[in-house]
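Read-outs: derived from the displayed coordinates by stated rules, not from any lab. Please read all numbers here as calculations on a predicted model, not as lab measurements. Here the Cβ positions follow ideal geometry from the backbone for every residue, glycine too, while neighbour counts run over all protein chains shown.
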Amino acid sequence: MAYTAYKTWTVGEVLTAANMNAQVRDNGLLGPEALATADGEVWIATGANAGEMVAILDSSNALKHEYGGLEADVSAITTGGTLVGQSAGVIGIETLMTQDIVEAGTDTQVRGVSALIIKQGIDYHAGTPPTEATQANMEAEATGFLLVPPDLIKYSPGVAKVWGSITTAGAIESPSYNVASLTDTGPGNRTLVIDNDMSSVVYVVVQDIGEVATATHVRSMHGSKAVGSVRLVTARDAAIGDASHSVAIFGDL
């Protein structure tokens, strides 16, 4: 049904049923009251003398979010309150974060936060540092959030407990680790004294020859072991002889 422009009446004209039907009844049927079919609909102009009903309001007459509305009653919002998404397509009011929430550290809801609350949270959690690891924790490779001081790293099972580089002349080079001394006891024989003793003689000695001679087969091995020392041996061909080499010991202190 098309809109009919209202007639301009002249003196002496007679009002007919056709005039009433076109000007009053039919135009009235084009109005919001006649076109509305559901709660929340609003009449919106679509052109000159034309329009349509669009459901842009919800049942509470709040503007739907797809039309730029919040679909939330914000009358209850207070200082620090924040409008946040609470679930898919739902907006609500969340209160300001409090010191109790910060100290608990379990709340996952997005909230408003002040500089004071941030400071309170930092002060609170700074007062409860992680537990310091022990030697037993390191040796057992314990799980959890533990503070590992530098002096405890050596107790980790995968860390070398002793290491050093030895010259052909039988001197320990610098730097080295956990080496108290090195004694040259004869050709190809050196005794390495461990500074912080191993807990038992069950440990691994790894050596590497530091020179290559085309006419000589150079090899390394270890002799007797004690908790505080180990005999290191190098050989050329079939005879024990001096050679530069490096050593690392793995085990338990």
**Message:** If amide hydrogens are placed 1.01 Å from N in the peptide plane, which non-local residues have theirs closer than 5 Å to the one on ILE240?
**Reply:** none
**Message:** Given a Förster distance of 22 Å, report the FRET efficiency between ILE91 and ILE44 from their Cβ-Cβ distance, rounded to the nearest 0.05.
**Reply:** 0.40
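What is the sum of charges around HIS222, taking Lys and Arg as +1, Asp and Glu as -1, for the other residues whose C-beta is under 14 Å from the C-beta of HIS222? The partial results should precede the final answer.
On the way: positive: ARG190, ARG219, LYS225, ARG231; negative: ASP208.
Result for the local shell: +3.
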**Message:** Show me, for region 167-183, the HN-Hα J-couplings you get by feeding each phi into the Karplus relation (A = 6.51, B = -1.76, C = 1.60, θ = phi - 60°), rounded to Hz, glycine and proline as x.
**Reply:** 6, 4, 6, x, 10, 7, 7, 9, x, 9, 9, 6, 10, 7, 6, 9, 10
**Prompt:** So who's got an amide H within less than 5 Å of the one on ALA133, skipping anything under 5 residues away but keeping other chains? H placed 1.01 Å off N, in plane.
**Reply:** LEU147, VAL148
**Asked** With each label point set 7 Å from Cα along the Cα-Cβ vector, what nm distance links GLN99 and VAL74?
**Response** 3.0
**Asked** How many angstrom separate the Cα center of region 77-116 from the Cα center of region 43-64?
**Response** 34
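Around PHE250, under 12 Å between beta carbons, what's the net of Lys plus Arg minus Asp minus Glu among the other residues?
On the way: positive: LYS154, LYS161; negative: ASP252.
That works out to +1.
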**Asked** Under a plain spin-label model, where a point goes 7 Å from the Cα along Cα-to-Cβ, how far apart in nm are ASP107 and ALA140?
**Response** 3.7
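Would you mind putting 166-173, 44-51 in packing order, based on average other-beta-carbon counts within 10 Å, highest first? Let's see the in-between values first.
Details: 166-173: 15.6, 44-51: 10.1.
Most protected by this proxy first, the peptides run 166-173, 44-51.
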**Request:** Based on other C-beta atoms within 10 Å, arrange HIS222, HIS217 from fewest to most.
**Result:** HIS217, HIS222
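What is the ratio of the Cα radius of gyration of region 72-126 to 2.2 N^0.38 Å, with N the residue count, to two decimals? Write out the running numbers ahead of the final one.
Details: Rg = 12.6 Å, N = 55, 2.2 N^0.38 = 10.1 Å.
Normalised Cα radius of gyration, region 72-126: 1.24.
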**Asked** Summing Lys, Arg as +1 and Asp, Glu as -1, what charge do residues with Cβ under 15 Å from the Cβ of VAL193 carry, VAL193 excluded?
**Response** +1
**Prompt:** In straight Cα distance, which lysines are under 17 Å from LYS225, not counting same-chain residues fewer than 8 positions off?
**Reply:** LYS161
